[in-house]
1. Inspect region 60-80 for any residue being more than 21 Å from residue 162 (Cβ to Cβ) and touching a residue at least 24 places away in the same chain (Cβ under 8 Å) and give the result as yes or no.
2. Hey, can you tell me all the residues within region 200-250 that are within 19 Å of the chain's Cα centre (by Cα) and of a type in the set (S, T, N, Q)?
3. With the requirement that a residue be within 27 Å of residue 51 (Cα to Cα), touching a residue at least 60 places away in the same chain (Cβ under 8 Å) and part of a helix (DSSP H, G or I), what does region 181-237 give you?
4. Among the residues of region 43-92, which ones are at pLDDT 95 or above and not in a helix (DSSP H, G or I)?
5. Out of 50, 105, 109, which single residue is without any contact (Cβ under 8 Å) to a residue 24 or more places away in the chain, on the phi > 0 side of the Ramachandran plot and of a type outside the set (Asp, Glu)?
6. For region 211-250, give me each residue that is surrounded by 18 or more Cβ atoms within 10 Å (Cβ to Cβ), among the β-branched types (Val, Ile, Thr) and either within 21 Å of residue 180 (Cβ to Cβ) or not assigned by TED's automatic domain parsing to the domain that holds residue 190 (or both).
7. Just a yes or no: is a residue in region 129-137 assigned to a helix (DSSP H, G or I), crowded, with 16+ Cβ neighbours inside 10 Å and polar (S, T, N, Q)?
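The values are calculated or read from the model by the stated rules, or taken from the named source; none is laboratory data. In this text the structure is predicted, and so the values were computed from the model without any measurement. Cβ: placed from backbone, ideal geometry, glycine included. Neighbour counts: every protein chain shown.
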Amino acid sequence: MPIRDVACQGCPCISLPLYARCDQPFLCVFIVCHVLAGLLLGMALYAWRRDPLLPAAAVAGAVLPDLVDKPLGLLITGSGGFGRIYAHTLLFLFLLLSAGALLWRMHSRRAGTLVLAAAAGVLSHQLLDALWILPVTWYWPLLGPFPLPEEAIAFLTYLLADILQPAEWLFFAASLFIAATLAGMQGSWQRLAPALSLVLAFFAMGVLFSAVAGSPSVITGFSNRGDNAIVALMLLAGAVGVDRAGAWAK
C-alpha cells in the first residue's frame, strides 16, 4: 500500500491515533491488504481453471515484493523505509511474466500458469502501492538509482505501523474467511458471510467519504484522497469476495 507519511493538518498530534501521528515516522504498509488482493485474484483464477494451487500462487506473488525487498532494504541501509526496490520494479514483473510464458510454452502449461498467477499477484502489489507516483522505482533502472530513505526507521516501528491499522483488521477478517472457504472448510460459520460483507462495505463507504472530502480517515490513518480511495476500493472488493467465496469455491 502507499507509504505516505500522514501530515498533521492543524490538529495536535496527540489527538490522532498512534499509527497516524505526524510526529512519528510511521509508514502505512498494509501487508494483509496485499494478501487479500492475492486471494481475490486466486479465487477468480480458481473459478476459471479449477486448479487448487492457483490461489496460493497468486497470494505468493502478491506478497513477494515485500518478502524480497523489505529484508534486503533493511540489510542494505538498516532502515525499514527502504523496502521498495528491485521486486517493486516493472523489470521484475517483466522477468516473472517471461519466465511464466517460457514455462507454459516449453515445459509445463500448469507450471507456467502458476508462475503467471504469481506475476498477476506481483502486479496487484505494485498497483496497490501506487508505484506510478514513484517512477524512479517503478521504471528502474531507466530513471536512475533507487531513492534512499530520508531518515532511518526502526523495523519494530515499521511493524507497529501495520499492526495498529484498523483497516488491516478488516482485511484480515476478509482474508481469513476467503482462505478458509477456498481450503474447503464448510460449516455454519459460512452464514457469517452476509454480515461480514456488510461490515466491510460499511467501512468502505466511510473511507470513501474521507477520500471524497479530503479528510483524514480513522480507519486508515491517511489524509490523502488517493490513498483512501485505494483502501476503500479494496474493502469493497473484499466485501464482494466474502459474499461470493462460497459460490466460486464450489
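1. The answer is no; no qualifying residue exists.
2. 217, 220, 223, 224, 228
3. Of everything in region 181-237, those that are within 27 Å of residue 51 (Cα to Cα), touching a residue at least 60 places away in the same chain (Cβ under 8 Å) and part of a helix (DSSP H, G or I) turn out to be 181, 182, 234, 235, 237.
4. Hit for region 43-92 is 89, nothing else.
5. Of 50, 105, 109, the one residue that is without any contact (Cβ under 8 Å) to a residue 24 or more places away in the chain, on the phi > 0 side of the Ramachandran plot and of a type outside the set (Asp, Glu) is 50.
6. Passing the criteria: only 242.
7. Among the residues of region 129-137, at least one is assigned to a helix (DSSP H, G or I), crowded, with 16+ Cβ neighbours inside 10 Å and polar (S, T, N, Q), which makes the answer yes.
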